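Have a look at the structure below before the remarks.
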Amino acid sequence: MDFVRACRRNAIEPILFLSKPDEQPSWVMDDYYAEGVAIQQVNGYDADELLEACKRLAQQAELVAVLSLYEYSTAHAAQAASSLGLRSPDPDVVRRVRDKAQFRRFVFERQLDDTRFLAIDARSSGEVVWPHDYPVVVKPVNLTGSAFVRHCRNEAELQTALREIGCLSEYTGQAVDSTVLIEEYIGGSEFSVEVLNGSVIGIVRKYTTDHPGFIEVGHDVPSDIGPDVEQSIKQSVQQFLTEVGYRFGLMHIELKHNESGVHFIEANPRVAGGRIPELIRLTQGVDMIEAYLLSLAGGESAVQPRSSGEYASIRFLVAEEEGVFEGYREVDPAEHPLITEHKFYKTVGDAFQINHSNRDRIVHAVAVSDSIERNESAIDAFFDAMQIREVVR
Amino acid sequence: MKNIVILNRFPLDKIFYHEWVEPGDRIYLFSNRQPQELGAPYHEVRFYDNYDSSNQVMLDVIELAEGVSIDSIIALSEKDVLRAGHLRHHLGVPGLDLETSWRFRDKVAMKDALREAGVPTASYAPIASVTDVLAFMKQNGSRIVIKPRRDAGSRGVSLLDGREEIHRYLEQAAHLSPNEAANWMVESRIDGDMYHVDGVYCAGEQVAAFPSKYMSSCLDFASSGALLSVLVDKTDRNLANLLDVTARAVHALAGDNGTCLYHAELFVTANGEVLVNEVACRIGGAKIYPTVQKICQYDLMREYVRAETGRSPKPQPVDYELGGYLLIPPKKGTVLRLPSERKESWVVECEFHCRVGQVLNPAKSSVDRVLAGVVSGTDMRESEERLRDMVRWFDENSEIREAVEDHETNGI
């Protein structure tokens, strides 16, 4: 909804393309309906259909931008915008970094990261042998949201993960590429770096589960790292952006930092999920979404973060066992003054299975204060008061 | 050795396709997403997150056919009938093709084929707008049924009686506007008992047919009434007629050489006339499969799979036992108490589909349930008595209370 509101603040009318509006969960659609957003049934996974729909729109009104906030259609949106002569990220670069195997190969070949890896076809019949030490991380190359990313501690877990991805043909409407990336597991602290038009806007500390999947369960902004680590991260990111030739657009880069330096995890040419733009807005004074929208529409491309001196944190409560979301206690916001927002990802009555991915999230809460510790305590108290843990089975 | 494609929506820990084929056969399973280890017995498995709506399923089968000669395509679920028909047609695989599967799936095409074959049905008409309903009412009277042409589980079915009630319905029926109405039809209401016949039809021949009688209406779920069904006595005066009309109906739909599993619903009027309500080429819902399997000792799905893969299905046993099943639909509220289990020998299955503390929503279709059971009985009367005994036992020993609004439970 941040994007919708940013459009409206700038007298731009958003038109939302969805392939199957009826199949979207109500927690996604309710806000759009409430805001009266125009929704057209267009398949954003189909480049030709998307371009044709944009051309039709352009005949009816001044089309100022085409963009996707959703990972799977970023490349098609960039391609459509380029075809229509609109400002856009370079579609070739978007395609290259979206494919996790291509990205890994690129940073390895350019000596930006020496993480060892193997890209294989999970549907081929041959036995896969990982020639280095365990643990490893196994990833489908074209999914997002930590879906089917697995932490494998030994050969048996690796083979199970490969079979799991190999027999998955479609996920959330997306055909699953049979190429699977196996890479060595890198320890250390995890961060994401948010980039707008070539500039680093913020560094976010990330928390994930560790096994069998990597569900993102929290983010902090600012990340509370020392100047040396910050410098090292920024330098690596700038080097990557230069090498890959990404000068315009949003980029959400995930990486780890340990004693051997910076190691890239992946780069996503889209706005960060998990409310990261909101955490940045709250603490750095930059509305990345609005700034990006304005730059797409031909406005100023550069923005200057200004730290408020506060910390913003988000924590996600995730389901650990399959069950039914049966309810929660209504909480008086006045009793939780540090909490700035919360949102459910499931509707009361929803049955859910376990995906070991971000799809397992039930609810999030955001807190802002003068320390990460205070934020964590405030969110814990908020979740406790809602009694969500007790009613999810 | 045969290459068999199976389109599956059933839990793979309950349906064991690999046990129904010959050693050496290769099963290529295309399924809704399930734990990966359940796919282990199959030659190749593909899972789909959005199985019901994903075109990827068909694209993958077509891609498979580029390298593998597919001998059979098996589909046991209503939602896979058309998908399988299109694939067989496109790939030249024997079995129900585009036209025959459409006849089973679209109730107007079905009734057209039945009428052409002289199989009795209620009067019917497709709906293109409310005008068709009014014209139908003028010709056939005002006791009508409006229902979707392609759905299952009695979803969307409305029984209407009298001009006033029909007008009230039409005033609210946005789905019958000219742009939306293509999936709807109208029929005359038939006064009579409803039966279902579940069987296997192989290469134009009836292999098995098990008739049952609904002792309650399929539409009772809307008022939280239990769904009861009992296998028909072999001495029942309607039996021969039921089997004859069913056989003619399946033949009219599946054709001279067709092979299918079917679930037929029929009305028997007070004067003994049998009319076909509808026929689906899939396994019957509710507890029909376990009832026939455990009471009659006949595995409908297994024998259909054998027939569809060119093997001889087992003939129907002549002296099968009798019994029936029940489904008790959920009603809105929180489950506060449930009975303990039944131990009588005639209780063949008794499964709770809810637990204490669970918040229930009202049933949306005739196969939603909080309790499902299968019983044996020496005849229809005893089977019915036992089913009603199960319903009483559940009602007397369970408590489902409508949620009480208070600030402590908001959101429930």
Label model pair B:LYS14, B:GLU171: point-to-point distance (7 angstrom along the Cα→beta-carbon line) in nm is 4.3 nm
With a ≥ b ≥ c taken as the square roots of the eigenvalues of the C-alpha gyration tensor of chain B, please select rounded if a/c is under 1.5 and otherwise prolate if a/b is larger than b/c or oblate if it is not? rounded
Expected output is a single nm value to one decimal: the length gained when fully extending between A:GLU322 and A:SER232, i.e. 0.36 nm times separation in residues minus the C-alpha distance. What is it? 28.3 nm
Working only with C-alpha atoms, what are the Rg and Dmax values of the protein assembly as shown, expressed in angstrom? 30.0, 93
What dipole magnitude, in Debye to the nearest 20, does the stretch B:272-325 give about its Cα centre under +1 on Lys/Arg Cβ and -1 on Asp/Glu Cβ? 300 debye
Using the Cα gyration tensor of chain A, with a ≥ b ≥ c the square roots of its eigenvalues, what is the shape: rounded (a/c below 1.5), prolate (a/b larger than b/c) or oblate (neither)? rounded
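Where the eigenvalues come from the Cα gyration tensor of the stretch A:180-296, what are the semi-axes √(5λ) of the equivalent ellipsoid, largest first, in whole Å? Mind dumping the intermediate values first?
Details: eigenvalues 96, 54, 44 Å².
Square roots of five times the eigenvalues give 22, 16, 15 Å.
Percent of alpha carbon pairs in the stretch B:1-127 separated by more than 26 Å?
Details: 2231 of 8001 pairs.
Tail of the P(r) past 26 Å holds 28 percent of the pairs.
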How high is the relative contact order of chain B, in percent, with contacts defined as C-alpha pairs under 8 Å that are six or more residues apart? 14 percent
Separation of the stretch B:32-105 and the stretch A:176-203 by C-alpha centroid, Å? 38 Å
Along the positive direction of the dipole of chain A (beta-carbon charges: Lys, Arg +1; Asp, Glu -1; about the Cα centre), which of A:GLY245, A:ALA175, A:TYR185 reaches farthest? A:GLY245
Spin-label point model (7 Å from Cα, Cβ direction): what's the A:GLU310 to A:SER199 distance in nm? 2.3 nm
From highest to lowest solvent-accessible area (probe 1.4 Å; ligands, DNA and RNA excluded), B:PHE104, B:PHE352, A:PHE108 read A:PHE108, B:PHE352, B:PHE104
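Would you mind counting up the charge near B:VAL292? Only other residues with Cβ under 13 Å from its Cβ, with Lys and Arg at +1 and Asp and Glu at -1. Walk me through the intermediate numbers first.
Numbers: positive: B:LYS287, B:LYS294, B:ARG302, B:LYS314; negative: B:ASP198, B:ASP299, B:GLU303, B:GLU321, B:GLU349.
Local charge sum for B:VAL292: -1.
On average over all directions, what projected area in square nanometres does the stretch B:3-45 have, based on the convex hull of its Cα atoms?
On the way: hull surface 10.7 nm².
The Cα convex hull of the stretch B:3-45, projected and averaged over all directions, gives 2.7 nm².
Taking R0 as 51 Å, what's the FRET efficiency between B:GLU273 and B:ARG311 from their Cβ-Cβ distance, rounded to 0.05?
Values: r = 38 Å, r/R0 = 0.74.
For B:GLU273 and B:ARG311, the calculated efficiency is 0.85.
Hey, with R₀ at 41 Å, roughly what FRET efficiency would B:SER340 and A:HIS211 work out to, going by the Cβ-Cβ distance, to 0.05?
Numbers: r = 40 Å, r/R0 = 0.97.
It comes out at approximately 0.55.
If you place +1 on the Cβ of every Lys and Arg, -1 on the Cβ of every Asp and Glu, and leave all else neutral, what size is the dipole of the stretch B:79-238 about its Cα centre, to the nearest 20 Debye?
Numbers: 20 positive and 21 negative charges, 29 e Å.
Charge dipole, the stretch B:79-238, about its Cα centre: 140 debye, nearest 20.
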A:ARG56-B:LEU239 pseudo-label distance in nm [points 7 Å out on the Cα-to-Cβ vector]: 6.0 nm
What shape does the stretch A:1-137 have by the C-alpha gyration tensor, where a ≥ b ≥ c are the square roots of the eigenvalues, rounded means a/c under 1.5, and otherwise prolate means a/b greater than b/c and oblate the rest? prolate
In the protein assembly as shown, taking the dipole from +1 charges on Lys and Arg beta carbons and -1 charges on Asp and Glu beta carbons about the Cα centre, the listed residue (A:ILE12, B:ILE288, B:LEU134) farthest towards the positive end is B:LEU134
Any residues in the stretch B:25-48 that have 30 Å² or more less accessible area with all protein chains than in their chain alone, probe 1.4 Å, and which are they? B:ARG33, B:GLN36, B:ARG46, B:PHE47
At 10 °C and a viscosity of 1.306 mPa s, what translational diffusion coefficient does Stokes-Einstein give for the stretch B:161-255, taking Rh as the Kirkwood radius over Cα pairs? Give it in µm²/s as a whole number. 96 µm²/s
Using alpha-carbon pairs under 8 Å, 6+ residues apart, how would you state the relative contact order of chain A in percent? 14 percent
Using Cα pairs under 8 angstrom and six or more residues apart, how large is the relative contact order of the stretch B:33-152, in percent? 14 percent
Using just the alpha carbons, could you tell me how many Å³ per residue the convex hull of the stretch A:21-86 encloses? 98 Å³
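Assuming R0 = 45 Å, can you tell me the calculated FRET efficiency for the pair B:GLU351 and A:VAL128, based on Cβ-Cβ distance, to the nearest 0.05?
Details: r = 42 Å, r/R0 = 0.93.
Efficiency, rounded to the nearest 0.05: 0.60.
Given that compact globular proteins tend to follow 2.2 N^0.38 Å, what is the ratio of the alpha-carbon Rg of the stretch B:110-215 to that value? It would help to have the intermediate numbers written out before the result.
Working: Rg = 15.9 Å, N = 106, 2.2 N^0.38 = 12.9 Å.
Expressed relative to 2.2 N^0.38 Å, the Cα Rg reads 1.23.
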Gaussian network model of chain A, Cα within-10 Å springs - most flexible of A:SER236, A:SER189, A:SER178: A:SER189
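Tell me the total accessible area that B and A bury against each other, 1.4 angstrom probe, in square angstrom rounded to 100.
Values: alone 19040 and 18050 Å², together 35120 Å².
It comes to approximately 2000 Å² buried between B and A.
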Could you provide, to the nearest whole Å², the per residue accessible area of chain B with probe 1.4 Å? 44 Å²
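The values are calculated or read from the model by the stated rules, or taken from the named source; none is laboratory data. Computed from a predicted model, the values in this text were never measured in an experiment. Please note: Cβ atoms are built from the backbone with ideal geometry, for glycine as well, and neighbour counts cover all protein chains shown. Note: areas computed on protein heavy atoms with side chains; ligands, DNA, RNA excluded. Shrake-Rupley method; radii C 1.70, N 1.55, O 1.52, S 1.80 Å.
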